[in-house]
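K.L.:
Handing you a structure now.
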């Protein structure tokens, strides 16, 4: 049994990690640690800086997740600052910015970083393409889920339950890519 | 003659620092150093983290400036992330967010941090209250200047030249407060 702690204050993220990793024999606990997130252009930069910080502080077996919604016609906004934009502007603010814009293409992206006991690092990034809906719909999920419709769907992420969302979502994909890499790393370090 | 270098990639900021400090016998050069800006709620947190980083790297006699536009009815947005919001959404995006909002109160805030040769730190924050205009006006200044009207004025910051802007602006006020503190510190360390 592998046990890793997830550094997050978001219960929705913790739920998605547990849902995806428990079946692979990976136990996920909530970490009480924290690290500084830098202002950067990409999720990877934020994750790399945090891992460097954790390394210095000798914290191991910990996972971090940075995700964001990137909207094409807004130059990638809110991107790395999605959680701040959600807190201040909310879904309504994003819909207002998208008002009268024909190009509603967007993608959710998720970068997971992990620092293992032996000092090994794992960084994976996955995404899901879609579009911004005309109005908020659904009550499941969290963050900008009510205004994001993944490609090939007519429902928003918030209208799709976790069982259906995880197989296609940015975080579900990133968690599975992470698990594959992790299993390889853990076996190699035996 | 005191000589300090300013860590900025923004020529507008450098101009305002020089304009305000040269008459006080303080020479301002452009620093080639850089430091990480963290994601935070306040400008002060960003500045403090950067000063800590500079201290560790033994860089001295350097000034940093973090500024932002905080809009009341948008929960303080874009705040600490003003430069990112300017790059992605621009003035037009902010005006769109403000569409049909009666409360247009906002303030510009500027936090200046400085690490002196002897290891002493100076941190000052000043602001200017005002409101978001109905449309972009003026071509002077930079950033969100074309949509900010300071209290007691009918013109935006971009319609007011640097000579008139510095006496009332957040940065002008912060630079003068900084100069007063600096002069005290420099004299005390003699």
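Only the coordinates and a few stated rules stand behind these numbers; no lab work does. These figures come from a predicted structure and were not determined experimentally. Don't worry about glycine lacking a Cβ; one is built from the backbone with ideal geometry, like all the others, and counts go over all protein chains shown.
K.L.:
Taking a label point 7 Å from Cα toward Cβ, how far is residue A:56 from its twins in the other copies, in nm, shortest first?
P.N.:
Computed spacing set for this position: 0.1 nm.
K.L.:
Over the stretch A:66-170, what is the relative contact order in whole percent, taking alpha-carbon pairs under 8 Å and six or more residues apart?
P.N.:
22 percent
K.L.:
Of the listed peptides A:68-81, A:45-58, what is their order by residue-averaged count of other C-beta atoms within 10 Å, with the highest listed first?
P.N.:
Order by mean packing, descending: A:68-81, A:45-58.
K.L.:
What length, rounded to one decimal in nm, is gained on full extension from residue B:155 through to residue B:183, with 0.36 nm per residue of separation minus their alpha-carbon distance?
P.N.:
6.7 nm
K.L.:
Sticking with this one: So the label point sits 7 Å from Cα along the Cα-to-Cβ vector; using that for residue A:36, what distances do you get to the other copies, in nanometres, sorted shortest first?
P.N.:
0.7
K.L.:
On C-alpha positions alone, give me the angle between the axis of helix A:170-188 and the longest principal axis of chain A, in degrees, nearest 10.
P.N.:
For helix A:170-188, the angle is close to 10 degrees.
K.L.:
Then there's this: In whole percent, what relative contact order does the stretch B:1-56 give with Cα contacts below 8 Å and a gap of six or more residues?
P.N.:
33 percent
K.L.:
Now for a different question. So what is the 222 nm mean residue ellipticity for chain B from helices alone, if each DSSP H run of at least 4 adds -39500 (n - 2.57) and you divide by all residues, rounding to the nearest 500 deg cm²/dmol?
P.N.:
-10500 deg cm²/dmol
K.L.:
Explain nothing, just the number: relative contact order of the stretch B:2-188, from Cα pairs under 8 Å at least 6 residues apart, as a whole percent.
P.N.:
Normalised by residue count, the contact order of the stretch B:2-188 is 19 percent.
K.L.:
Another question, if that's okay. Once both axes come from the Cα atoms, what is the angle between helix B:11-21 and the longest principal axis of chain B, in degrees from 0 to 90, rounded to 10?
P.N.:
Relative to chain B, helix B:11-21 is tipped by roughly 60 degrees.
K.L.:
Something else now. Using only Cα positions of chain B, each an equal point scatterer, no hydration layer, compute I(q)/I(0) via Debye at q = 0.09, 0.13, 0.14 Å⁻¹ and quote the log10 values to two decimals.
P.N.:
-0.32, -0.67, -0.77
K.L.:
Between 0 and 90 degrees, rounded to the nearest ten: what's the tilt of helix A:43-56 against the longest Cα principal axis of chain A?
P.N.:
30 degrees
K.L.:
Still on this structure: How many angstrom lie between the C-alpha centres of the stretch A:157-186 and the stretch A:9-42?
P.N.:
12 Å
K.L.:
In nm, to one decimal, how far is the modelled label at residue B:121 from the one at residue B:34, with both set 7 Å along Cα→Cβ?
P.N.:
2.3 nm
K.L.:
If you take the square roots of the eigenvalues of the alpha-carbon gyration tensor of the protein assembly as shown and sort them as a ≥ b ≥ c, do you get rounded (a/c under 1.5), prolate (a/b over b/c) or oblate?
P.N.:
oblate
K.L.:
Still on this structure, I have one more. Place the label 7 angstrom along Cα→C-beta at residue A:154 and in each other copy, then list the distances from the first to the rest in nm, shortest first.
P.N.:
Between copies, matching label points for residue A:154 lie 5.4 nm apart.
K.L.:
Antiparallel versus total DSSP beta bridges in chain B: what percent is that, nearest 5?
P.N.:
DSSP beta bridges in chain B are roughly 75 percent antiparallel.
K.L.:
Okay, moving on. What distance in nm lies between label points placed 7 Å from Cα along the C-beta direction at residue A:72 and residue A:1?
P.N.:
Using points 7 Å along Cα→Cβ, the separation is 4.7 nm.
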